[in-house]
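Worksheet for the structure shown next.
Derivation of every value follows stated rules applied to the coordinates shown; laboratory data play no part. Keep in mind that this is a model prediction, so the values were computed, not measured. Every residue, glycine as well, gets a Cβ built from its backbone with ideal geometry; the counts of neighbours run over all protein chains shown.
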Amino acid sequence: MKLRLIILLLCAVNLLSAQQKPTQKWLDQKYSMFIHFGLYSAYGGVYNGKRVEKGYSEQIQSFAGIFSDWYGNTAKEFNPTKWNADEIVALAKQARMRSIVITSKHHDGFCMYHSKYTKYNIVDATPYKRDLMKELADACKRGGVDFAVYYSLIDWNFPQAYPISSHNADPITPEHHEFNKKQVEEIMTNYGLISEIWFDMGSLTAEQSKELYEIVNRLQPQCMISGRLGNNQVDFSVMADNEYPDYQMVTPWQTAASMFNETWGYRSWQERGEVNVKAAEKLKSLAQVIGHGGNYLLNIGPKGDGSVVDFEREVLVKMGKWINRNQEAIYATQGNPLPESNQFCEITTKDNALYLHMCYPSKEIELKNISGTIDNLTILSNGKPVSYKQNKRNNSITVYYDTNNWTDDEFFPVLKLQFKGQYTIHPKNIVSSSKDNLTPENATAGFGHSSLDYYCGYKSLVSYTWNFLSRKKDFTPTIFFTENNIGKNLTLTTDEGSQNITLTPTSSKVVKPAPETLKWGSIYTKSGKGVFGTLEEEGQEVVDLNDNTGKEKWEKVKDFRYGEKLEMDLKRSGSVLFLQEIESTINQSIAVEVGGGNGVYILLNGKYITAHCLPEKPEYQKEIVILSLKKGKNQLLIKYFNRFADKLNYSLKPLDEWTIYEMKLSPFKLDSGHKHSFSIKEQNPDSKVSPLRMNNIEIVWK
């Protein structure tokens, strides 16, 4: 009985710890070191005396077509005697990095630690004979730097894994999955506290992802797990390589950046350029990431002998000096609180201050939608005052650019805007009258970054928040929605609390637009590119269909068969775009039925409507999408993504009529002020980054 009680208590402690994720320490660290180091480092991007220019150098085995036994024989000579774990930790600290993530095993399957499940590791297979990863873990502990690991979910050495492919996102065989589980368990057991595990590649089943997540969570309850584990088993999302989002996310995320976009592993012939130019580039990237609320993971690729490339060392040291002067604006900050990004600077915030990272300065910079009593505006690194003007009528602050004051900063200055007490952010969209309904168009969207695997990463809308004015004591909403959302479980929140509801119609009505107000124009198509979430047309109010500068050209579709389920030969992980022109004589809402496969991403006049890439992996599904047309010409753009099927099934059907369902809710209490907020999110989503898919919602309130 006593043993049973102890086990229950341990389970409770583990559960409590797991609920603490994301850890505040991980959120606050902001800047960390990535290390790509392995057998591939010995090649330095060269095979048989020739440069291997295709692909990343850490994948040279694949891109150079090296036989597995020839590649494996490299281990017999791999002896990185110049590796010094304490010096690596010292460099990270000099660069002001808060953690180190090292490749425990990359795609080639060679382990940089002593694995008991394969002899293909640095202790058993090389003359080095030392557990390099253990030395780094111990050095991190001594140096007060968090230790973390990268682990490739694919393995070109494991006999029962899928062979090398062009995309590195093959399924994981049952035998390979068992091997991965054992290795992840030994890493989580034998190397002390691990702050994060950076899974990579492969296309796992939902059950495989869940099992690996649970192993990590059981053994290291506070270890943050990267979204590249797949199937939205995620503690933090990982953007595509060297991707810098221009929107705020409401879930934890990270950008991993290589020193050079061409490679992560050591490349002896890499054109490196000037140290100052590279340091400035990476500091601006750091500012962009933390200004949007993320963490920045910057990579180095040591040589085959274990030494750090001099250029990379110098870049990190240069960056560290700048960061040391401006660290207050980096660590433990939050992203830009303003409702809009600023084209001239990146912004972070902490306590009662804004920090303006002047990456792209102009003669003057206007900060909008903010008010408060300003204490001072200074250059953070030297305390010199900076001129400004505050306009309290329109809630704006103008900062004046004066280069004469900024000579102390080698790259760019950070300005500290200190307020006396709290500052106030004024939402860009405020619903000011009960005559205005709450719609996705006047909401603030909350985004995460969702991923079933590497190729399925995309911008996922997870919540809507509205700001409105009312002096009433309560708020009684009526929700209107389409059949897609019947049975959806939602959490609705206002100033004074939340309600959980299930969307259940209490009445309905049929909507029919006037046909004479609409003209369906031509439909165009072109091939898509990149991962699912890559859509260059997002943000373009008008797409120039005659632009021939890009590789892919828009072509008019002849005799498109609206409403039919169509089929297209499209390779896996391929995509295709369709753009439909619609002309409306008035501002109005219409509906279309969109049919697609696993991934669908929809824009209207360049604005995000919805996107989803579903774990059920459907070959075909249909949904109603309501479009708020403006008077004049409109462009509906749909990206269809084929991740898993042999062919793409798709359709588009303009609806002559559709049904709107209604549900009346009980009142929500409001606080004593006249400015309020109202938000919706899914009640129990499969993941914190699962798409809400409530883009057809409309809320009437009184």
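Assorted remarks:
- Counting only Cβ charges, +1 for Lys and Arg and -1 for Asp and Glu, the dipole size of region 466-543 around its Cα centre is about 260 debye.
- In percent, rounded to a whole number, the relative contact order of region 336-425 is 37, using alpha-carbon pairs under 8 Å and six or more apart.
- When shorter helices are ignored and each DSSP H run of at least 4 residues is given -39500 (n - 2.57), the per-residue value for the chain at 222 nm works out to -5500 deg cm²/dmol.
- Positive-end residue of V315, N48, Q59, charge dipole of region 30-324 with Cβ unit charges: V315
- Using the Cβ-Cβ distance between T205 and Q683 with R0 set to 25 Å, the FRET efficiency from 1/(1 + (r/R0)^6) comes to roughly 0.45.
- A quarter of the convex hull surface defined by the alpha-carbon atoms of the chain gives 34.7 nm² as the mean projection.
- A Cβ-based charge dipole, computed about the Cα centre of region 575-702 with Lys and Arg at +1 and Asp and Glu at -1, lands at about 460 debye.
- Shown in residue order for region 135-146 are the 3J(HN,Hα) couplings computed by the Karplus curve 6.51 cos²θ - 1.76 cosθ + 1.60 at θ = phi - 60°: 4, 5, 4, 5, 5, 4, 4, 5, x, x, 10, 5 Hz (x for Gly and Pro).
- Taking the square roots of five times each eigenvalue of the Cα gyration tensor of region 336-425, the equivalent ellipsoid has semi-axes of 20, 14, 12 Å, listed largest first.
- Summarising the amide proton neighbourhood of N295: residues at separation of 5 or more, or on other chains, whose placed amide H is nearer than 5 Å comprise W253, Q254, T255.
- Remark: relative contact order (the chain) = 13 percent; criterion is Cα-Cα distance under 8 angstrom and separation of 6 or more residues.
- Summarising the label geometry, the points placed 7 Å from Cα in the beta-carbon direction at E214 and E541 lie 5.2 nm from one another.
- Computed extension gain for N395 through K622, at 0.36 nm per residue and net of the alpha carbon distance, reaches 77.2 nm.
- Förster radius 25 Å - calculated FRET efficiency between V511 and I586, Cβ distance, rounded to 0.05: 0.95
- Formal net charge of residues neighbouring G599 (Cβ-Cβ distance under 9 Å; K, R +1; D, E -1): +2
- Measuring r between the beta carbons of N352 and T478 and using R0 = 35 Å, the FRET efficiency lands at 0.30.
- The overall shape of region 30-324, judged from the alpha-carbon gyration tensor, is rounded, with an a/c ratio under 1.5.
- Hz values of 3J(HN,Hα) by residue in region 655-665 - Karplus curve (6.51, -1.76, 1.60), Gly and Pro given as x: 9, 6, 7, 7, 9, 10, 9, 10, 9, 8, 10
- For region 38-182, with +1 on Lys and Arg beta carbons and -1 on Asp and Glu, the positive-most of F179, N84, G144 along the dipole: G144
- The GluC sites (Glu not before Pro) found in region 237-325 that occupy coil by DSSP, while having at most 16 further C-beta atoms within 10 Å, are E262, E271, E274.
- Only Lys, Arg (+1) and Asp, Glu (-1) charged, at Cβ; region 126-234 dipole about Cα centre in debye: 320
- Dimensionless Rg over Rh [region 527-660; C-alpha; Kirkwood]: 0.94
- Cβ-based charge dipole, region 243-390, positive-most Cα from N326, Y296, L286: N326
- Cα→Cβ-extended label distance, 7 Å offset, between K141 and Y360, nm: 4.6
- Amide H to amide H distances under 5 Å link V431 with N467, F468, L469, where only residues 5 or more positions off or on other chains count and H is placed in the peptide plane.
- Phi-derived couplings, Karplus 6.51 cos²θ - 1.76 cosθ + 1.60 at θ = phi - 60°, listed residue by residue for region 110-124: 7, 8, 8, 9, 8, 8, 7, 9, 7, 7, 7, 9, 5, 7, 8 Hz, with x used for Gly and Pro.
- Relative contact order, percent, region 30-324 [alpha-carbon distance under 8 Å, six or more residues apart]: 25
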